[in-house]
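The values are calculated or read from the model by the stated rules, or taken from the named source; none is laboratory data. Everything numeric in this text was worked out from a predicted model, so none of it was measured. Don't worry about glycine lacking a Cβ; one is built from the backbone with ideal geometry, like all the others, and counts go over all protein chains shown.
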Amino acid sequence: MISNPYVAIDGPAGAGKSTVARTLANKLGFIYIDTGAMYRAVTLMALREGVDLTDQAGLTRLAQSVSVVLMPDGNGGLKVLLNGDDVSEDIRSQEVSKNVSLVAMVPGVRKRLVELQRAMASRGGVVMEGRDIGTVVLPDAPVKIFLTASSVERAKRRREELAAKGNLIDQEQMEKEILRRDQIDSTRAADPLVQAADAVAIDSTSYSVKEVVDMIMALVTAEEKRP
């Protein structure tokens, strides 16, 4: 029996976490929380306000002062409100993507957003995805997944995602950007991207979203049957 109805999904950029987590949450009837969207929202505000992205004190003050709210969009996804404004599309810009890892490495920013994330999950029934969910945000989650894929495949997925919005990026350039983000995320001092000791690793390179979701559903079902 799952005492804490959480599913934690971590992994690098482009691994398919958002799509998998959103689909899984819909199947379970849980709330989907994309923590990366929160870091993107703070990054967007920093870019708009002209905050120096190397100014950790300034970024911390910004994170403490802004309002970031996630809410269902009615289509199984999330609407991201930044100080009351819908920035769901704006936070997916290439400029935000290039800089979000710099903002996310700031300890003060992470501390503030982790507080908000835990508050969102406090009632349970949550599928939460990000970089440090199983290790920091929800360390007691009974089901933890570390979702990854090859850098080539992750770059391909991101290119397709951006192309659908009219942004054409070279494959080689996207691979370099993916690897750069991996380096920053996995080596930062505060809450680096690492696989939790009790997480199940899934390499999604050769699997469809449905296949990955089915694998995780099997783990959830097995956990529910435990005495």
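A few points about this structure:
- Qualifying positions in region 179-215 - in a helix (DSSP H, G or I), closer than 22 Å to LEU24 by Cα and touching a helix residue (DSSP H, G or I) at 6+ places or on another chain (Cβ under 9 Å): VAL209, LYS210, VAL212, VAL213
- The condition (being closer than 23 Å to THR60 by Cβ, buried (at least 18 other Cβ atoms within 10 Å of the Cβ), in contact (Cβ under 8 Å) with a residue 40 or more places away in the chain and not acidic (Asp, Glu)) is satisfied by just one residue among GLY130, GLY134, GLY108: GLY130.
- PRO227 meets all of the listed conditions (1) part of a helix (DSSP H, G or I); (2) at pLDDT below 95; (3) not charged (D, E, K, R) but one, namely (1).
- With respect to the stated conditions, THR60 fails to be surrounded by fewer than 20 Cβ atoms within 10 Å (Cβ to Cβ) and assigned to a loop (DSSP other than H, G, I, E, B).
- Close pairs (8 angstrom Cβ cut-off, 6 or more residues apart or separate chains): within 21 Å of VAL103 (Cα to Cα) in region 185-208, modelled with pLDDT under 90 and among the aliphatic types (A, V, I, L, M) anywhere: ASP185/ALA13
- Considering only residues in region 159-177 that are at pLDDT 80 or above and basic (Lys, Arg), the one that is farthest from LYS98 (Cα to Cα) turns out to be ARG159.
- Filter pass, SER101 being polar (S, T, N, Q), assigned to a loop (DSSP other than H, G, I, E, B) and either in contact with a Ser or Thr (Cβ under 7 Å, 6 or more places away or on another chain) or within 22 Å of LEU162 (Cβ to Cβ) (or both): no
- Filter result (surrounded by fewer than 19 Cβ atoms within 10 Å (Cβ to Cβ) and of a type in the set (A, V, I, L, M, F, W, C)) within region 1-30: MET1, ILE2, LEU28
- Total residues in region 180-205 satisfying the condition of being among the acidic types (Asp, Glu) and under 13 Å from PHE146 (Cα atoms): the figure is 2.
- Test: residue in region 71-94 that is touching a residue at least 60 places away in the same chain (Cβ under 8 Å) and touching an Asp or Glu at 6+ places or on another chain (Cβ under 7 Å): no
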